[in-house]
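*Asks:* Take this structure, written in structure tokens, and hold onto it; I'll ask about it next.
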Amino acid sequence: MEDKGRESDHLMLITPERVFYAGLLGRPRKRTPGCCHVYVAVKGSLHMTIDDVLATAELFVTLPNQRHSIASDYRTAISVTLEPESMPDGVIEALAERLTGPDRAIYARKILAAYALLRQRRYNDITTAEFDEMCFGEALPRRALDPRVMRAVARIGRFSGEPVTADTCAAEAGLSASRFLHLFKEETGISFRSFRAWKRARHLLHFANQDLNLAHLAQDIGYPDSTHFSHSIRRFYGLKPRAIFVGSRDLAIYRSTETVRELAEAS
């Protein structure tokens with residue numbers, strides 16, 4: 001589904017497990033997102049800082065929860081994000097090694113070609129495998145989650161009603177809270193609390209180009225107050241919520257059919 005009235009080279013395609021973003025990066029402040037980022041320069045170069053070490057290239061990959069800052073020579077840059085729980089352990093690390101190896105320029109051109117394709121055709125029905133083929137030339141392996149964890153992940157993703165707690169998910173799974181938390185991390189590689197915090201911040205992306213009351217939005221997606229909301233968004237994105245919305249006014253947002261269905265269920 002496309003946001004109506006949007007005509008821009010800045011776009012974002014959101015699926016449950018992937019995001020393709022082409023737009024502004026904002027000021028190069030430190031950010032610690034809960035996903036894997038593949039950054040690609042549209043023109044010129046990108047400048048990545050990790051552990052106070054600055055590097056320059058046309059493509060960079062950051063691992064989930066890796067603190068970094070990113071800047072671009074050109075106004076628009078590309079960011080492809082991959083949710084870590086969607087892939088088996090080690091897949092993201094292997095992908096990062098491959099993308100930043102001798103074929104870095106080839107992968108950069110592949111992702112730029114995907115951007116050109118998305119500007120022409122919106123791919124609302126794109127699957128994760130098709131997304132990966134478009135960006136990386138192959139479908140990445142999928143992680144098979146325990147059904148009890150899958151139900152918890154789905155519950156977290158609804159963003160409606162009362163905030164999701166480990167106790168609630170544990171009861172639904174027929175487990176003690178401690179056993180459920182252990183199972184969740186064992187299956188996803190991420191703690192329940194960290195997973196929930198990241199997904200809440202990720203959900204903000206769906207509304208980034210809308211003119212909304214941010215305090216109301218914070219409550220709607222599960223933040224206890226505006227201070228917690230602002231702190232969390234700055235930690236994950238390196239930007240205040242207001243800066244994200246100001247920088248996304250001309251951003252066209254497209255959602256996969258599956259994402260649209262999830263949003264409808266949450267409303």
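*Asks:* For the range 92-198, count the residues as N, evaluate 2.2 N^0.38 Å, and divide the Cα radius of gyration by that value, please.
*Replies:* 1.40
*Asks:* Same structure again: If I build a Gaussian network model for the chain, linking alpha-carbon pairs within less than 10 angstrom, which residue out of Glu93, Glu172, Glu187 has the largest mean-square fluctuation?
*Replies:* Answer for the Gaussian network model of the chain: Glu172.
*Asks:* Determine the dipole magnitude for the range 141-191: charges of +1 sit on the beta-carbon of Lys and Arg, -1 on that of Asp and Glu, nothing else is charged, the reference point is the Cα centre, and the result goes in debye to the nearest 20.
*Replies:* The dipole magnitude comes to about 200 debye.
*Asks:* Could you please state how large a percent of the accessible area of the chain is carbon and sulfur, counting protein chains only and using a 1.4 Å probe?
*Replies:* 50 percent
*Asks:* Compute from the Cα atoms of the chain the Rg and the Dmax, the latter being the longest Cα-Cα distance, and quote both in angstrom.
*Replies:* When restricted to the Cα atoms of the chain, Rg and Dmax are 18.0, 54 Å.
*Asks:* Given the protein chains as shown and a 1.4 Å probe, how many square angstrom of Asp167 are accessible, to the nearest 10?
*Replies:* 110 Å²
*Asks:* For the range 82-126, with only Lys/Arg (+1) and Asp/Glu (-1) charged at the beta-carbon, what is the dipole magnitude about the Cα centre, in debye rounded to 20?
*Replies:* Here the range 82-126 has a charge dipole of around 520 debye.
*Asks:* Which FRET efficiency value, to the nearest 0.05, do you get for Ala177 and Arg67 by plugging their Cβ-Cβ distance into 1/(1 + (r/R0)^6) with R0 = 25 Å?
*Replies:* It comes out at approximately 0.25.
*Asks:* Using a simple charge model, +1 on the beta-carbon of Lys and Arg, -1 on the beta-carbon of Asp and Glu, nothing else, what dipole does the chain show about its Cα centre, in debye to the nearest 20?
*Replies:* Using Cβ point charges on Lys, Arg, Asp and Glu, the chain gives about 660 debye.
*Asks:* Looking at the range 85-126, I'd like the Rg to Rh ratio, where Rg is from alpha-carbon atoms and Rh is Kirkwood's inverse mean 1/r.
*Replies:* 1.09
*Asks:* Please name whichever of Gly189, Phe159, Gly174 sits farthest to the positive end of the charge dipole of the range 132-267, dipole taken about the Cα centre and charges placed at Cβ: Lys and Arg +1, Asp and Glu -1.
*Replies:* About the Cα centre, the residue reaching furthest to the positive side is Gly189.
*Asks:* OK, next. What translational diffusion coefficient, in µm²/s and rounded to a whole number, does the Stokes-Einstein relation yield for the range 1-150 at 37 °C and a viscosity of 0.692 mPa s, taking the hydrodynamic radius as the Kirkwood radius over Cα pairs?
*Replies:* 206 µm²/s
The values are calculated or read from the model by the stated rules, or taken from the named source; none is laboratory data. On a predicted model such as this, the values are computed, not experimentally measured, just so you know. Backbone-built Cβ (ideal geometry, glycine too); neighbour counts: all protein chains shown. The area values use the complete protein model at the heavy-atom level, side chains included, leaving out ligands, DNA and RNA. Shrake-Rupley method; radii C 1.70, N 1.55, O 1.52, S 1.80 Å.
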